[in-house]
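Here the structure is laid out as structure tokens; the discussion comes afterwards.
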Amino acid sequence: MTKRIAGVMVAIALTVGLVFGQDALSIKPKPKAGSTWKLKVHADVEIMGTTAAFSALETAKVTKVDANGDFSVELSMSDVKVDVGGSVQEQPEEPPTTAKHNASGEIIDLKGEKPTAADYTMGTVSTPIFPKEDVKVGSKWTVETKGMSSLGAAGIKLSYEVLRVEEVLGVKAAVVKFTAKETSGDAPMSASGQYWVDLSNGFVVKGEMDIKQIVMSPELPPMDMKMKMERVK
């Protein structure tokens with residue numbers, strides 16, 4: 001009986017990808033110059049006792065891939081809407097921002113008309129940073145970024161764990177849990193959530209995150225938000 005139960009448990013573990021010795025997963029970014037994708041973004045925001053909803057369509061395009069693996073992604077937002085108490089306001093489009101990443105996915109530079117500390121913080125929280133080596137289900141790692149002093153952006157400590165592999169939105173994806181917290185400041189930003197990372201290219205196809213005390217603009221107090229993003233065709 002014990003052997004039979006053990007056999008059943010092994011079969012279940014194989015199904016969810018938890019067996020020891022599972023094949024290594026290469027989930028680092030595999031950028032190709034010219035490739036594009038779109039993400040539908042929705043965020044519920046709490047600020048100064050008021051709740052608002054934000055939605056937009058983000059378009060990403062890989063504009064350059066360097067020989068050392070660094071790559072640049074141009075990001076633009078369209079169809080931006082803010083809903084406050086049922087009153088929906090369309091927001092004007094802003095010039096795109098280009099984020100340069102190292103081969104592991106960490107943001108190392110931002111270019112654009114007016115890149116901000118919030119661009120760095122949101123970009124770091126919504127884009128996983130991977131270890132150099134391959135990972136497996138159950139793998140854990142920690143990264144600490146230096147921030148971007150030119151923008152007044154604090155460094156961020158992030159911890160990751162690969163939970164499982166599953167199919168989502170028509171692709172095979174690694175589900176990666178994360179936590180994040182700024183390493184300086186009187187009221188540091190913190191976040192938690194998970195990403196679904198497309199194993200074919202290392203980019204996020206779906207994400208859910210809970211962000212606390214993020215400063216989106218120097219003119220505004222810190223705010224909390226629950227954000228979801230999902231790739232669309």
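Just so you know, all these numbers are worked out from the coordinates, no wet-lab data involved. What you see is a predicted model, and the numbers here were worked out from it, not measured in a lab. Backbone-built Cβ (ideal geometry, glycine too); neighbour counts: all protein chains shown.
Only DSSP H runs of four or more residues enter the estimate; each adds -39500 (n - 2.57), and after division by the residues of the chain the mean residue ellipticity at 222 nm equals -3500 deg cm²/dmol. In the list (i) 18.9; (ii) 21.3; (iii) 18.0, the label attached to Kirkwood radius over Cα pairs in Å as derived from the coordinates here is (i). Close Lys pairs in segment 163-233 (alpha-carbon distance under 22 Å; sequence gap of 8 or more, or different chains): 16.
A straight chain from K38 to K177 at 0.36 nm per residue would run longer than the Cα-Cα distance by 47.8 nm.
In square nanometres and to one decimal, what's the mean projected area of the convex hull around the Cα atoms of segment 11-130? Orientation-averaged projected area of the Cα hull: 11.2 nm². Entry note, segment 136-233: relative contact order of 18 percent, from Cα contacts under 8 Å with a spacing of 6+ residues.
Given springs between every Cα pair under 10 Å in a Gaussian network model of the chain, which of K132, K140, K212 has the largest fluctuation? Sorting by GNM fluctuation, first place goes to K132. Normalised by the number of residues in the chain, the average gap of Cα pairs under 8 Å and 6 or more apart makes the relative contact order 19 percent.
Counting only Cβ charges, +1 for Lys and Arg and -1 for Asp and Glu, the dipole size of the chain around its Cα centre is about 1040 debye. Projecting the Cα atoms of P92, T145, T116 onto the charge dipole of the chain, computed from C-beta unit charges around the Cα centre, puts T145 farthest toward the positive end. Considering only alpha-carbon pairs that sit under 8 angstrom and 6 or more positions apart, the relative contact order computed for segment 61-166 is 17 percent. Relative to the longest principal axis of the Cα atoms of the chain, helix 117-126 runs at roughly 20 degrees.
Mind checking the dipole of segment 116-220: about its Cα centre, +1 per Lys or Arg Cβ, -1 per Asp or Glu Cβ, Debye to the nearest 20?
280
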